[in-house]
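**Student:** My structure is below; once you've seen it, I'll send some questions.
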Amino acid sequence: MTAAPGKDIEGRQRVVIEKLRPASDCGRFPVKRIVAERMTVEADVFTDGHDQIQAVVKYRTRAQRRWREVPMVPLGNDRWQGQFTVEEIDRYCYTVSAWVDPFLTWRSELTRRSGAADIRLALELGSQQVQQAAARARPVDARRLSHWAERLAGDGDLEARRALALDSDLLELMLRHADRSFASEYAPVQEVTVERERARYGAWYELFPRSFGGLRGAAEKLSYVSEMGFDVIYLPPIHPIGSSQRKGPNNALAAGPDDPGSPWAIGSPDGGHKSIHPELGTEADFDAFIATAARLDLEVALDIAFQCSPDHPYVREHPEWFSWRPDGTVQYAENPPKKYQDIYPFNFETDDWQALWRELLSVFLHWAERGVRIFRVDNPHTKPFPFWEWVIAEVRHRHPDTIFLAEAFTRPRVMHRLAKLGFSQSYTYFTWRNTKPELTDYALELAHTEGSEYFRPNLWPNTPDILSEYLQFGGRPAFITRLVLAATLSASYGIYGPAFELGESEPREPGSEEYLDSEKYQLREWDLERPESLRDLIARVNRIRRDNPALHLNRNLRFHEIDNEQLVCYSKATEDEDNVVLVVVNLDPHHRQGGWLTLSLNALGLTGDEPFQMHDQLGNLRLLWHGAHNYIDLDPGISPAHIFRLRRHLRTERDFAYYM
């Protein structure tokens, strides 16, 4: 027996909507944007035959019940595009709706009618459509449409009536009151997480308070950090440190009585994840640190590491949250090849997992209520994915402006999954990308693949865990090179200081990426006034970042050809091309390198052979260039990089005076 037509479908919905972008896993996860950013939505939209169609992007916040709409325009080959602006921190829903539009089809056909009888009949049909639209419209528009219908059906001159039918005012009214009875709508509805600007753009500085006498001493150094132009001051864990299995200097398995241990071995009789190490200060000291940072336009990021010292109160109070071996011990944590004998991992498969999740959520909420709105999460890839999706959503439900940075040096798919689950930013493989092909391929992957819709990079030349080989052997030029690359390839970057600006480059042993006398295991005394410090250069780079909106973005990165494998060149431009930055970097820290650039003029907003000025923001050098081909050389002993700001439309003698 044949089923009745239309039993499970509406056969009059004729428009097909496919390949909607942006989308993450077909809508399973939201994409990401920043407040006030424009959201561009595209889709393939088409129907059978030759009828005309309309399409709109529908959008709203999750709390809103009514959809807002913006029209889509055809791009060609059945691809359509529409844009809307996300206006507040929230999660927005969006989709595409489209329908066959009889009036547009009729209007198109009317222009081809030639015989009087044919035109007269077409006008009668058009009048009927306009009258039907009047029945759908509100009173004011209904009266206007009825008047149009009468004029089309009148007895006046046919060509005059045809001209009326093609009038733009009538078209606007009919588009507003189109018959959407059989509109198609893309499913599932997509979502976009909207965060504040710091989720995309910012300069981070990591500092160990204990090397400066605790929170009070560190607060006195915040002006030093602020003067270098940083936006975020990031603190490693500030909690009590266990004594059992405490690590000694250089990760030694045996600690002396005065060795402070690793801040990541959290918990002692003095407290756990919601407590402050007594040697760092009091809760009042922490509040004062937050307040001082705020006065200096610095945000505080706090490290959250969900792991425990054997002395953590959780071990005694909730033994069910850990995996116990037959000998009554807990297997210490490992993140191969690294071993953490002083750390117990949580057992997320415990029967009491719901209580564990609630307690860990309370850790975030405790510090959020103390004024922390940025969290750097330690090794999130060693905890279950469902936990992160839940806990990030719960924190943001209470504190929507919270930002999460994933310290996830792990496999690509794992890093991307964490980003999809809600992490605002992620550490990357930048630290180990040194050659021109490596840097180019990886930067383009971050900026232009599908992952760029949800994965925001935060580039770090060094961390307390990572002293790269490039920094070990490249000297001062290597530090400058990696600083410029990190600060200009990505809208967010960070350094671990003062090790970075003071050029710390001695590994624990040959072949190791661990620092000798690492601050992870011992206190350090830093002479911030050392003459070789890069603090002034770092301040200049951060000032350049702030002054150039093009460097606040990620998906605008473009590379340009240069005929030397030791030189890399790339640009960033704002959408209106009012701000264009071109960066050239010598990757060889030991030798002068030169080469011919072949610029993509379109990417720079340039045409033809007009002269344009390149102003190096680092060294105040000004170059007058013509066309795409220009020569550049860089001596790493002077400066291994140029950060040019482009100036076009040179007109007066004064414009050329720099070159006379």
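The values are calculated or read from the model by the stated rules, or taken from the named source; none is laboratory data. All of these numbers come straight from a predicted model, not from anything done at the bench. Quick reminder, even Gly has a Cβ in these numbers, built from the backbone with ideal geometry, and neighbours come from all protein chains shown. For the accessible areas, the whole protein counts, side chains as well, though only heavy atoms, and no ligand, DNA or RNA atoms are used. Shrake-Rupley method; radii C 1.70, N 1.55, O 1.52, S 1.80 Å.
**Student:** Using a 1.4 Å probe and ignoring any ligands, DNA or RNA, find the accessible area of T329 and quote it in Å² to the nearest 10.
**Tutor:** 50 Å²
**Student:** Quantify, in whole percent, the carbon and sulfur part of the accessible surface of region 38-168 (1.4 Å probe; protein heavy atoms only).
**Tutor:** Here it works out to 47 percent.
**Student:** Let me ask something additional. If you take the beta carbon distance between L624 and E525 as r and set R0 to 35 Å, what does 1/(1 + (r/R0)^6) give as a FRET efficiency, to the nearest 0.05?
**Tutor:** The pair L624/E525 has a calculated efficiency of 0.10.
**Student:** Same structure, new question: Quick one: how many Å² of S181 are accessible to a 1.4 Å probe, rounded to 10?
**Tutor:** 80 Å²
**Student:** When Rg/Rh (Cα atoms, Kirkwood Rh) is calculated directly from the model, which label among (1) 1.07; (2) 0.98; (3) 1.02 fits?
**Tutor:** Calculated Rg/Rh (Cα atoms, Kirkwood Rh): the matching label is (1).
**Student:** Per the helix-only calculation at 222 nm, which mean residue ellipticity applies to the chain, given -39500 (n - 2.57) for every DSSP H run of n ≥ 4 and division by its residues, nearest 500 deg cm²/dmol?
**Tutor:** Dividing the helical sum by the residues of the chain leaves -8500 deg cm²/dmol.
**Student:** With labels modelled as points extended 7 Å from the Cα through the Cβ direction, what inter-label distance (nm, one decimal) is found for A116 paired with H397?
**Tutor:** Distance between the two pseudo-spin positions: 7.4 nm.
**Student:** With a 1.4 Å probe and all protein chains in place, put H629, H312 in order of accessible area, largest first. Write out the running numbers ahead of the final one.
**Tutor:** Values: H629 120, H312 5 Å².
Largest to smallest exposure gives the sequence H629, H312.
**Student:** How big is the gap, in Å, between the Cα center of region 310-351 and the Cα center of region 408-466?
**Tutor:** Here the answer is 30 Å between Cα centres.
**Student:** Follow-up question, since we're still on this one. Which ³J(HN,Hα) values, rounded to whole Hz and listed in residue order, are derived for region 295-300 from phi using the Karplus coefficients 6.51, -1.76 and 1.60 in 6.51 cos²θ - 1.76 cosθ + 1.60 with θ = phi - 60°, glycine and proline given as x?
**Tutor:** 5, 9, 6, 10, 9, 9
**Student:** A further question on this structure: Between E109 and A288, what's the calculated FRET efficiency when r is the beta-carbon distance and R0 is 60 Å? Round to 0.05.
**Tutor:** Result of the calculation: an efficiency of 0.20.
**Student:** Roughly what angle does helix 353-369 make with the longest principal axis of the chain, taking Cα atoms, 0 to 90 degrees, to the nearest 10?
**Tutor:** 90 degrees
**Student:** Determine the percent antiparallel among the DSSP beta bridges restricted to the chain, to the nearest 5.
**Tutor:** Looking only at bridges with both residues in the chain, the antiparallel portion is about 70 percent.
**Student:** Is there a pair in K19/K383; K247/K274; K338/K420; K247/K383; K19/K420; K383/K436 whose C-alpha atoms are over 30 Å apart, and which pairs would that be?
**Tutor:** K19/K383; K383/K436
**Student:** Between helix 436-448 and the chain, what is the angle of the helix's C-alpha long axis to the longest principal axis, kept within 0 to 90° and rounded to the nearest 10?
**Tutor:** 50 degrees
**Student:** If you don't mind, there's one more thing I want to ask. Trypsin sites (Lys or Arg not before Pro), restricted to region 29-77: which are DSSP loop and have at most 12 other Cβ atoms within 10 Å? Walk me through the intermediate numbers first.
**Tutor:** Working: sites: K32, R33, R38, K58, R60, R62, R65, R66, R68; in loops: R62, R65, R66.
When the trypsin sites (Lys or Arg not before Pro) of region 29-77 are filtered for loop state and at most 12 Cβ neighbours within 10 Å, R62, R65, R66 remain.
**Student:** Still on this structure, I have one more. In whole Hz and in residue order, list the ³J(HN,Hα) couplings for region 497-508 that follow from phi through the Karplus curve 6.51 cos²θ - 1.76 cosθ + 1.60, θ = phi - 60°; x for Gly and Pro.
**Tutor:** x, x, 4, 6, 5, 8, x, 4, 9, 8, x, 4
**Student:** Can you list the GluC sites (Glu not before Pro) in region 73-124 that are in a DSSP coil and have 13 or fewer other beta carbons within 10 angstrom?
**Tutor:** Values: sites: E87, E88, E109, E124; in loops: E87, E88.
When the GluC sites (Glu not before Pro) of region 73-124 are filtered for loop state and at most 13 Cβ neighbours within 10 Å, E87, E88 remain.
**Student:** I34's amide H: which non-local residues (gap 5+, or another chain) put their own amide H closer than 5 Å, with H modeled 1.01 Å from N in plane and none for Pro or chain starts?
**Tutor:** Sorted by chain and number, the residues that satisfy this are E195.
**Student:** Determine ³J(HN,Hα), in whole Hz, for all residues of region 393-399 in sequence, where each value follows from phi through the Karplus function 6.51 cos²θ - 1.76 cosθ + 1.60 and θ = phi - 60°; x replaces Gly and Pro.
**Tutor:** My calculation for region 393-399 gives 5, 5, 5, 5, 4, 8, 9 Hz in order.
**Student:** Turning to a different aspect of this structure: What full-extension length gain, to one decimal in nm, is calculated for R143 and D609 as 0.36 nm per residue of separation minus the Cα-Cα distance?
**Tutor:** Details: separation 466, 0.36 × 466 = 167.76 nm, distance 5.79 nm.
Taking R143 through D609 to full extension adds about 162.0 nm, to one decimal.
**Student:** Accessible area per residue, 1.4 Å probe, Å², for the chain: what's the number?
**Tutor:** Solvent-accessible surface per residue comes out at 45 Å².
**Student:** Over all Cα pairs of region 541-622, how is the pair count split among 5 Å bins, expressed in % and running from 0 up to the last occupied bin?
**Tutor:** Reading upward from the zero bin: 3, 13, 22, 26, 22, 12, 3, 0.
**Student:** Helix 469-489: angle to the longest alpha-carbon principal axis of the chain, degrees 0 to 90, nearest 10?
**Tutor:** On a 0 to 90 degree scale, this one is about 30.
**Student:** Moving to a separate point now. Using only the heavy atoms of the protein chains and a 1.4 Å probe, how would Y205, Y332 rank by accessible area, largest first?
**Tutor:** On the way: Y205 0, Y332 65 Å².
Final ranking, largest accessible area leading: Y332, Y205.
**Student:** Something else about it: Taking the dipole about the Cα centre of region 30-95, with the C-beta of Lys and Arg at +1 and of Asp and Glu at -1, give me whichever of G49, V73, I34 is farthest to the positive side.
**Tutor:** It is I34.
**Student:** Measure off 7 Å from each Cα along the Cα-to-Cβ vector at T85 and E150, then give the distance between these two points in nanometres to one decimal.
**Tutor:** Here the modelled spin labels are 4.2 nm apart.
**Student:** Could you give the size of the charge dipole of the chain about its Cα centre, using +1 on the Cβ of each K and R and -1 on the Cβ of each D and E, expressed in debye and rounded to the nearest 20?
**Tutor:** 1780 debye
**Student:** Still on this structure: Which listed residue (P510, P337, F348) has the Cα farthest towards the positive end of the charge dipole for the chain, taking +1 on Lys and Arg C-beta and -1 on Asp and Glu C-beta about the Cα centre?
**Tutor:** F348
**Student:** Let me ask something else. For S518, enumerate residues with amide H under 5 Å from its amide H, sequence gap 5+ or separate chain, H modeled in the peptide plane.
**Tutor:** Result for S518 returns N250.
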